[in-house]
Amino acid sequence: MKKDHLNSPDFDLWQTIREETETAVAAEPMLASFLHQTVLRHETLDSVLAYHLSSKLSGTIMDARALFEIYQQALASDAHISKCVEADLKAIYERDPACDEYSLPLLYFKGFHAIQAHRINHWLYQNDRKTLAYFLQNRMSEVFGTDIHPAARFGRGLMLDHATGFVAGETAVLGNNISILHGVTLGGSGKESGDRHPKVGDGVMIGANASVLGNIRIGENAKIGAGSVVVADVPPSVTVVGVPAKPVGRSLKTPSADMDQSLQAVGWDFVI
């Protein structure tokens, strides 16, 4: 863990982000205008997020001002989204060794952007604005390189590292405090309709280019090795790897927080 200040009652995430941004302006005057527009002229983290996402996802059909208003409406209507945004920022800061400031994911990490854009898409989908949600899903896929169905349900404290190639189907469910690397697919296993996508428990880590397919359950604190194809339930605290994925060990920690990519077994002997 990087810092204990996250648990301090005096810690103010928004103020910390502003201070980091002011330091960045002094360090790189060429980006002063960008940093003022995206952060320093705003009064809340919600406003920054709405502005930043609308700038990235706007285009010839949907201009930035209209999109900004939509995002502001969603954030104002559902305080849970804002709480998830803060939890995601803190999760990335804690788990990503390349992230030493809270402002970095907010400004530059497309995995963070994709998750937050999806949260608002999901709000639109749940509030009978499915056409707009599908339109913005398509824009997200073009801009961020991810494809997340608006109906997919995501918890809080998520880290989508690098993000490129991430796919989540309509009935996929992510719990809390999950870490996912690039190229991961949470998909179906055929052309059946209904509930057909994975349910991922709290504390899980999914390695790069893994495919988790079908209406299966990934238990809490499980670890899925990079490149694995998972087509059956994974028990809690178990590490699986391979094609098809098989158990190779047991985790004594929370893989999503630990971010240990090794496949050392604990609890039984195994051969890869």
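The values are calculated or read from the model by the stated rules, or taken from the named source; none is laboratory data. Fair warning: this is a prediction, and the values are worked out from it, not measured in the lab. With ideal geometry, Cβ positions are generated from the backbone for all residues, glycine too; neighbour counts draw on all protein chains shown.
Checking each residue in region 114-158 for being hydrophobic (A, V, I, L, M, F, W, C) and under 15 Å from residue 186 (Cβ atoms) picks out 114, 115, 148, 151, 152, 154, 158. Quickly run through region 47-88 and pick out the residues that are touching a residue at least 40 places away in the same chain (Cβ under 8 Å) and not hydrophobic (A, V, I, L, M, F, W, C). Within region 47-88, 52, 56, 59, 71, 77, 78, 83, 86, 88 meet the criteria.
Does residue 71 satisfy the condition of being hydroxyl-bearing (Ser, Thr, Tyr), closer than 22 Å to residue 151 by Cβ, outside the structural domain of residue 163 (by TED's automatic domain parsing) and buried (at least 18 other Cβ atoms within 10 Å of the Cβ)?
Yes, satisfied.
Residues considered: 160, 186. Of these, the only one that is surrounded by 23 or more Cβ atoms within 10 Å (Cβ to Cβ), touching a Leu at 6+ places or on another chain (Cβ under 9 Å), outside the structural domain of residue 48 (by TED's automatic domain parsing) and under 29 Å from residue 34 (Cβ atoms) is 160. Checking each residue in region 227-264 for being among the small types (Gly, Ala, Ser) and surrounded by fewer than 16 Cβ atoms within 10 Å (Cβ to Cβ) picks out 227, 232, 242, 262. Of the helices (runs of 4 or more DSSP H) lying entirely inside region 19-88, the ones with 1 or more residues being closer than 28 Å to residue 155 by Cα and not hydrophobic (A, V, I, L, M, F, W, C) are found at 45-57, 64-77. Within region 191-209, the set of residues being in a loop (DSSP other than H, G, I, E, B) and either under 20 Å from residue 163 (Cβ atoms) or in contact (Cβ under 8 Å) with a residue 12 or more places away in the chain (or both) comprises 194, 195, 196, 197, 198, 201, 202, 203, 204, 207, 208, 209.
Within region 140-157, being of a type outside the set (A, V, I, L, M, F, W, C), buried (at least 19 other Cβ atoms within 10 Å of the Cβ) and more than 15 Å from residue 112 (Cα to Cα) holds for 149, 150.
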